[in-house]
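The values are calculated or read from the model by the stated rules, or taken from the named source; none is laboratory data. Remember, it's a predicted structure, so these values are computed and weren't measured experimentally. All Cβ positions, even for glycine, are placed from backbone atoms using ideal geometry, and neighbour counts span all protein chains on display.
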């Protein structure tokens with residue numbers, strides 16, 4: 001009956017004062033939001049309290065439980081990992097050391113093969129055979145083969161007129177003095193003026209480049225020719241005048257133009273390193 005009475009009163013309020021009923025309804029709706037938030041906050045607090053208690057209980061149980069040691073497989077796995085790390089470290093160290101060695105070797109090669117700053121013409125003689133009496137060689141004009149060479153043999157102690165000059169690099173020039181040999185060559189060749197002189201050879205004097213066929217014609221000088229002839233263990237050169245005429249003309253053109261010319265002479269050890277000795281003798 002109370003409920004019916006309340007409903008009747010609400011109907012009467014709605015009929016005679018509908019605005020008041022609307023205000024009451026809006027007030028009730030607005031009150032619902034804070035009530036819901038308050039209830040939710042209380043529920044969250046109670047939930048956090050239960051979670052905290054549960055965590056403490058779990059931690060207590062974990063502390064009270066005895067620790068289980070790792071299995072053998074786990075220990076083996078850990079040991080294997082350590083060994084692999086050590087091997088990797090050693091490998092990296094070896095690689096780094098190898099890189100250093102390669103850089104050092106490359107620097108050495110670059111130094112040995114650095115571009116020559118010489119601004120003249122270079123003639124190269126590669127000695128390749130010595131029979132204790134005669135030395136044979138190959139002469140290159142810059143990088144191209146030009147002719148053969150013949151000299152005296154190598155001797156630890158020099159015998160004048162029977163010993164080749166030491167290996168090395170020497171400047172070439174005309175020996176502008178009228179020597180007996182110069183007079184002889186002027187009478188032999190109409191184009192000849194002075195001998196081509198190999199300068200500043202230690203313990204040697206009057207070392208020329210000229211014609212000849214065997215060691216008896218050299219006396220320490222360098223003979224050039226277009227061919228080699230060997231018979232009964234005797235080694236000679238031939239077509240010497242032909243090679244000398246062309247060589248002299250090229251040298252004269254350079255020296256008369258004030259161009260520099262040098263000769264580089266190498267001993268037989270260059271050949272031993274290249275494994276070509278058997279092919280050339």
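Filtered by the rule that a residue be over 13 Å from residue 136 (Cβ atoms), touching a residue at least 40 places away in the same chain (Cβ under 8 Å) and in a strand (DSSP E or B), the stretch 213-264 gives 261, 262, 263, 264.
When residue 171 is tested against the conditions (1) assigned to a loop (DSSP other than H, G, I, E, B); (2) more than 23 Å from residue 227 (Cβ to Cβ); (3) touching a strand residue (DSSP E or B) at 6+ places or on another chain (Cβ under 9 Å), the lone failure is (1).
Kindly indicate the residue of the stretch 174-204 that is touching a residue at least 24 places away in the same chain (Cβ under 8 Å) and out of contact with any strand residue (DSSP E or B) (no Cβ under 9 Å at 6 or more places or on another chain) and also surrounded by the most Cβ atoms within 10 Å (Cβ to Cβ) among those meeting that condition.
First pass over the stretch 174-204, keeping only residues touching a residue at least 24 places away in the same chain (Cβ under 8 Å): 174-175, 179, 181, 185, 189, 191-193, 196-204.
After this cut, where a residue has to be out of contact with any strand residue (DSSP E or B) (no Cβ under 9 Å at 6 or more places or on another chain) as well, the list is 189, 191-192, 203.
On the way: 189: 14, 191: 9, 192: 17, 203: 9.
Looking at residues that are touching a residue at least 24 places away in the same chain (Cβ under 8 Å) and out of contact with any strand residue (DSSP E or B) (no Cβ under 9 Å at 6 or more places or on another chain), I get 192.
Residues in the stretch 226-246: is at least one at pLDDT below 95 and in contact with a helix residue (DSSP H, G or I) (Cβ under 8 Å, 6 or more places away or on another chain)? The answer is yes, given that some residue of the stretch 226-246 is at pLDDT below 95 and in contact with a helix residue (DSSP H, G or I) (Cβ under 8 Å, 6 or more places away or on another chain).
Over 15 Å from residue 219 (Cβ atoms), in the same structural domain as residue 248 (by TED's automatic domain parsing), in contact with a strand residue (DSSP E or B) (Cβ under 7 Å, 6 or more places away or on another chain) and free of Cβ contacts under 8 Å to residues at least 60 places away in the same chain: is that true of residue 148 in this structure? In short, no.
Residues 136, 172, 126: which one is farther than 24 Å from residue 255 by Cβ, in the same structural domain as residue 241 (by TED's automatic domain parsing) and within 38 Å of the chain's Cα centre (by Cα)? Write out each step before concluding.
Values: 172 fails: farther than 24 Å from residue 255 by Cβ; 126 fails: farther than 24 Å from residue 255 by Cβ.
Every option except 136 fails the conditions.
Take the stretch 140-160 and flag every residue that is surrounded by 12 or more Cβ atoms within 10 Å (Cβ to Cβ) and either assigned to a loop (DSSP other than H, G, I, E, B) or touching a helix residue (DSSP H, G or I) at 6+ places or on another chain (Cβ under 6 Å) (or both).
Going through the stretch 140-160, the residues surrounded by 12 or more Cβ atoms within 10 Å (Cβ to Cβ) turn out to be 140-141, 146-154, 158.
Those that are surrounded by 12 or more Cβ atoms within 10 Å (Cβ to Cβ) and either assigned to a loop (DSSP other than H, G, I, E, B) or touching a helix residue (DSSP H, G or I) at 6+ places or on another chain (Cβ under 6 Å) (or both): 147, 152, 153, 154, 158.
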